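Just below is one structure, and these are the notes that go with it.
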Amino acid sequence: MIFTVAIDGPAAAGKGTISKAVAARFGLRHLDTGLLYRAVGARVLAGDDPVTAARNLDPDELDGAALRTQAIADAASRVAVLPEVRAALTDFQRAFARLDGGAVLDGRDICSVICPDADVLLFVTASPEVRAERRYLELAAKGSDVTREGVLADVLARDDRDMNRAEAPLVAAPGATVIDTSELDIGAAVEAASAVVALRLAARAAR
Ligand code: CDP
Ligand code: CDP
């Protein structure tokens, strides 16, 4: 069975948390596509050329824990504006979506560019202040040297870069169900997404 759940949204909206929970609940694979861009960003911070780094990326060797820093997030959003970088990462993402058994992919352009024909399209969002506070708590808990003001500035700068770039800008794709998690705790956000997925799976089964 090929069944694809595509999830887009801005930084720290809850995409990853929802994706992991939905994947576990429905027995689907999960790909955090942000890690691909973060890995390229990390290579650029180490002095590599972005396009060469994207073409040579080994997606099986992504270390999520090491890649979730503010500096790497910023570098990721800078390489993400480059069409050649995006093109180099496209085939892997589309192939992942078509693996037998079904998959959840989350990122910025999954509904709009990578998997526009996905079975479920979701746009997960929240206010910038709520997202920045969540990301601040997450980074502070890991021992990162961050301030609330710094994290909010980073989130706003990335939102601006991600939404206003020419190539694959972040948008709520036509037909996507919008889930605003500003007032939802994790459990409620996961339930909202799961309800959409369950409806779609039931419709598939009835065909
Ligand atoms: O993947 P994305 O950057 O969109 O967000 P995430 O990594 O899933 O969530 C960012 C942080 O917000 C995590 O620490 C989550 O536990 C937290 N979160 C929350 O407090 N309430 C939600 N409804 C969703 C996420
Ligand atoms: O976890 P968070 O939402 O903060 O960021 P991420 O999903 O790890 O993505 C890091 C950066 O990669 C984003 O700010 C985007 O610039 C870029 N990205 C993208 O352009 N397209 C995707 N499908 C995923 C991420």
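So, with +1 on the Cβ of K and R and -1 on the Cβ of D and E, and no other charges, what is the size of the charge dipole of the range 98-207 about its Cα centre, to the nearest 20 debye?
Computed charge dipole of the range 98-207: roughly 340 debye.
Can you give the alpha-carbon Rg of the range 4-198 over 2.2 N^0.38 Å, where N counts its residues? Don't skip to the end; give the middle numbers.
Numbers: Rg = 15.7 Å, N = 195, 2.2 N^0.38 = 16.3 Å.
The range 4-198 yields a ratio of 0.96.
Specify which residue in the list Ala173, Val85, Thr125 is farthest towards the positive end of the charge dipole of the chain, using unit charges on the beta carbon of Lys, Arg (+1) and Asp, Glu (-1), about the Cα centre.
Ranked along the dipole, the leading option is Ala173.
If you average the alpha carbon positions of the range 45-64 and of the range 128-207, how far apart do those two centres end up, in angstrom?
24
What full-extension length gain, to one decimal in nm, is calculated for Ala195 and Val171 as 0.36 nm per residue of separation minus the Cα-Cα distance?
That pair, Ala195 and Val171, stretches by 6.4 nm at full extension.
Mind putting a number on the dipole of the chain about its Cα centre? Charges go on the C-beta only, +1 for Lys and Arg and -1 for Asp and Glu, and I need it in Debye to the nearest 20.
Rounded to the nearest 20 debye, it is 440 debye.
Using 0.36 nm per residue of separation minus the Cα-Cα distance, give me the extension gain between Met163 and Arg98 in nm, one decimal.
Stretched out fully, the Met163 to Arg98 stretch lengthens by 20.7 nm.
Per residue, what accessible area does the chain have, given a 1.4 Å probe and all protein chains present, in Å²?
With all protein chains present, the chain gives 47 Å² per residue.
Can you tell me how much longer the chain between Ala188 and Met1 gets when fully stretched, taken as 0.36 nm per residue apart minus their C-alpha distance, in nm with one decimal? All intermediate terms of the calculation are to be shown ahead of the outcome.
Working: separation 187, 0.36 × 187 = 67.32 nm, distance 2.78 nm.
Gain on extension, Ala188 to Met1, equals 64.5 nm.
Accessible area of the chain with a 1.4 Å probe: how many percent of it is carbon plus sulfur?
55
Would you please state which residues of the range 24-68 a label at Ala206 would reach in this model, taking the label point 7 Å out along Cα→Cβ and a backbone N cut-off of under 20 Å?
No residues fall inside that zone.
The values are calculated or read from the model by the stated rules, or taken from the named source; none is laboratory data. Remember, it's a predicted structure, so these values are computed and weren't measured experimentally. Because the Cβ atoms are built from the backbone with ideal geometry, glycine has one as well, and the counts that use them run over all protein chains shown. To get the accessible areas, we keep the full protein, side chains included, count just its heavy atoms, and leave off ligands, DNA and RNA. Shrake-Rupley method; radii C 1.70, N 1.55, O 1.52, S 1.80 Å.
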